[in-house]
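Taken together, the values in this text are just the output of simple stated rules run on the coordinates, not laboratory data. If you're wondering where the values come from, they're calculated on a predicted model, not measured in any experiment.
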Amino acid sequence: MHYLIDGYNLMFRLLESKKNLQSQRQTVIHSLQKEFKILHLQGTIVFDGRHFFGEQSGLSYHSPLTIAYSHSGQTADQYIVEKLETASAPGEITVVTDDKFLAAAARSHGARTLNLNPFLVHIEKKHAQKRLKKQELIDERPIKESPREQQRLIKAFEERLGKDFSNE
């Protein structure tokens, strides 16, 4: 599954900041890159317009999350629809947006859609599943006591039962 994310739609939903747009974009990009790497997700976050000096741009940054900017005179929505039109398997793409027109256009091209809240819940569920799996692995590890601890336990057991088990 590849996620095509409406960048400003997500950014304005997550952040209520007085920072400039470039700083806000960087915050969202870095957060999503971290999440996508941890959760082994693949996607592209799309912003309107050109990037600024010092920002990651286009496909030049190797990450499970690609950062894309629409061309001059093109909106991020148009960029996303263009990607869907040229995709070999649009059914394996999920467009993440709260924009009803973009979602409808994406579905008309065979893509899946996901509103922002369910997307964020999906990410949190994946984190919870990962934590649960990690805990299960920890719980399934055999408990191996050190030889010293084994002797201490045998001695305590012998004292309780009043019998010597060390020769058995």
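Given segment 2-128, what percent of its DSSP beta bridges are antiparallel, to the nearest 5? Intermediate values should be presented prior to the final figure.
Working: 0 of 17 bridges.
Roughly 0 percent of the beta bridges in segment 2-128 run antiparallel, per DSSP.
For VAL95, what residues show an amide H to amide H distance below 5 Å, using hydrogens built from the backbone and excluding near sequence neighbours? Here LEU4, ARG112, THR113, LEU114 satisfy the definition.
Run the numbers on segment 63-120 and let me know its relative contact order in percent, using alpha-carbon pairs under 8 Å that are six or more apart.
Working: 50 pairs, mean separation 16.8, N = 58.
Once divided by the residue count of segment 63-120, the mean separation gives 29 percent.
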